[in-house]
Structure formats: structure tokens, C-alpha cells
Amino acid sequence: MKRNASLAEISDGRLYGRNDMVKADCHGCHGCSECCRGMGNSVILDPCDVYRLQKGLGKGLGVLIEEGKVELHVVDGCILPNLRMAGEGEACAFLNGQGRCGIHAFRPSICRLFPLGRYYEQGDFKYMLQIHECPMKNRSKVKVSKWIDMPQQERNHSFVCRWHYLLNDLEALIGNCEDVALAKQANMVLLQTFYLTQYDVGQDFYGQFDRRCEQFAAVLDQMQP
Ligand code: SF4
Ligand code: SF4
């Protein structure tokens, strides 16, 4: 989700790379679960999250939607899935009774980053430390790559960029499209191609993502008026 705020308003004003140290380590959070509650529809899932959830839970996105753990909403013109916050305290459906994440090992990338966020520019991105999001005082410095704790970080970085700019292009296409049915169809193809068609979790994610990008581009080409 894009935010129209300056870096100075929401962060410490610095941009970080994977090898930089950043004051993000909350020491296990000590029972705080603030970033797992009341987050509205901001915890958006990307295709890699869906792959990892499918691998960890043995359930595809369609089932998670049916179970009310994930919902769909429109983000900048594109229909995308997000973790559903519901019930008392608007808690994430994966927050357990002890106030801990029930899917910690394969939690979505937005959760892995927190309180870091991504700042995109010129076809790439860096990390920023959001200063209004996490109430924990005395956070320690930690290496960014250690904090996000994601396997295959270089490949994941390339994927995150590719996905972000693919969505940017689609958003522009939908925004400029006067044909409502065509815009809706593009969104349906996006959902089906990257989210609802289950992944082969016995295979690496990134190769499957590349193939799906090619399929998606071919379908979009056919749809151009
Ligand atoms: S708000 Fe900060 S301290 Fe609380 S759970 Fe999230 S990351 Fe941990
Ligand atoms: S998936 Fe886990 S870390 Fe992310 S919001 Fe839900 S409970 Fe919190």
C-alpha cells in the first residue's frame, strides 16, 4: 500500500540496506501484540507470502478466505488479499491466545519487516525505520538482513521489486482504462494467476513466480483494446 507521507514524517529520515544496522530489535516483543491488532487491511499479502502460507499451513488462499483469515480489498485500483483483523480488539486471525504469532516461521513479509517499511525509488527499494508504529522503548540495533530473517534474500529482494513495479504498471493501466469490465477482468487475472492458483510447494517459489509473470503479461497483452 502506498502512503503519501514524507520520509521525515514517518521515519527516522534514514534509508537502510540489508547490511546496515537499524534500531528495530524489540527483544521478542515481551507480550506486546500491538502490531497484530487494529491494523485494518494494511497487512497485504504478496504471492511469496501466499506460497509460504500454503507450504506452512497446507492451505491455499481460497481456503484462508473461506475461513475468514484473509480477505480481499481494493488497493490503488488492484484487488489484493490482506490478513483479516476481526473480533474483540480487531486481532489478526493468526494471533494466538498467548498474544503470539501462530505462524511465526512463515508470517507474511510485512510482519517480518515491522517496524521497518520499504521505500521504493528508481526501480529498487530500501528499508526505513517507521517511528510511530511500535511502542517498545529501548530497541536495540540489529542488522537489517537478520531482522527480516528471510531465506534467499537477494532473490527475495528482486522478487519484491518486480512485484511492486508490476502492480504499479497494472494500477496505471486500470487507472487509465475507461472500460470497467476490462479493468475488472485484469484484476481477476491478477488474482487467479498469482494468488488463487495453488503453488507447487515442493518447488522453489521464484521460478514459479517468473513463469506466472510471463503468463500474466501474455494475458494482459491479449486484453489490450
Ligand atoms: S508493536 Fe513492536 S513490540 Fe509490539 S509486537 Fe509489534 S514489533 Fe513487537
Ligand atoms: S501474521 Fe502473525 S505477526 Fe502478522 S499480524 Fe498476524 S499474528 Fe501478527
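When the residues of region 1-41 are narrowed to those that are among the small types (Gly, Ala, Ser) and surrounded by 14 or more Cβ atoms within 10 Å (Cβ to Cβ), which ends up nearest to ligand 2 (Cβ to nearest atom)?
Just the residues of region 1-41 that are among the small types (Gly, Ala, Ser), to begin with: 5-6, 8, 11, 13, 17, 24, 28, 31, 33, 38, 40.
Applying the additional criterion that residues be surrounded by 14 or more Cβ atoms within 10 Å (Cβ to Cβ) yields 11, 24, 33.
Details: 11: 21, 24: 14, 33: 7 Å.
In this case the residue turns out to be 33.
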Inset, instruction - Would you please list the contacts, defined by Cβ atoms under 8 Å and residues six or more apart or on different chains, that run from a residue in region 22-37 that is more than 18 Å from residue 140 (Cβ to Cβ) to a residue that is among the aromatic types (Phe, Trp, Tyr) and within 13 Å of ligand 2 (Cβ to nearest atom)? - result: 36/94
Inset, instruction - With the condition kept exactly as written, say whether any residue in region 46-69 is touching a strand residue (DSSP E or B) at 6+ places or on another chain (Cβ under 6 Å) and part of a strand (DSSP E or B). - result: no
Inset, instruction - Tell me, please, whether a residue that is basic (Lys, Arg) and closer than 20 Å to residue 220 by Cα can be found in region 157-167. - result: yes
Inset, instruction - Go through (1) more than 10 Å from ligand 2 (Cβ to nearest atom); (2) assigned to a loop (DSSP other than H, G, I, E, B); (3) surrounded by 15 or more Cβ atoms within 10 Å (Cβ to Cβ) one by one and return the number of the condition residue 99 breaks. - result: (1)
Inset, instruction - Give 87, 58, 123 a once-over and let me know the one that is in contact (Cβ under 8 Å) with a residue 24 or more places away in the chain and either more than 16 Å from ligand 1 (Cβ to nearest atom) or among the charged types (D, E, K, R) (or both). - result: 123
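Give the residues of region 129-143 that are touching a strand residue (DSSP E or B) at 6+ places or on another chain (Cβ under 7 Å) and either not in a strand (DSSP E or B) or not hydrophobic (A, V, I, L, M, F, W, C) (or both), sorted by residue number. Let's see the steps before the verdict.
Within region 129-143, the subset touching a strand residue (DSSP E or B) at 6+ places or on another chain (Cβ under 7 Å) is 129-131, 139-143.
Selection gives 130, 131, 139, 140, 141, 143.
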Inset, instruction - Please give the number of the condition residue 44 fails out of (1) out of contact with any Pro (no Cβ under 8 Å at 6 or more places or on another chain); (2) more than 11 Å from ligand 2 (Cβ to nearest atom). - result: (1)
Inset, instruction - Answer yes or no as to whether residue 165 is closer than 30 Å to residue 190 by Cα and assigned to a strand (DSSP E or B). - result: no
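Computed from the coordinates by the stated procedures, all read-outs in this text should not be read as laboratory data. Worth saying up front: this structure is predicted, and the values here are computed from it rather than measured. Neighbour counts run over all protein chains shown; Cβ positions are idealised from the backbone, glycine included.
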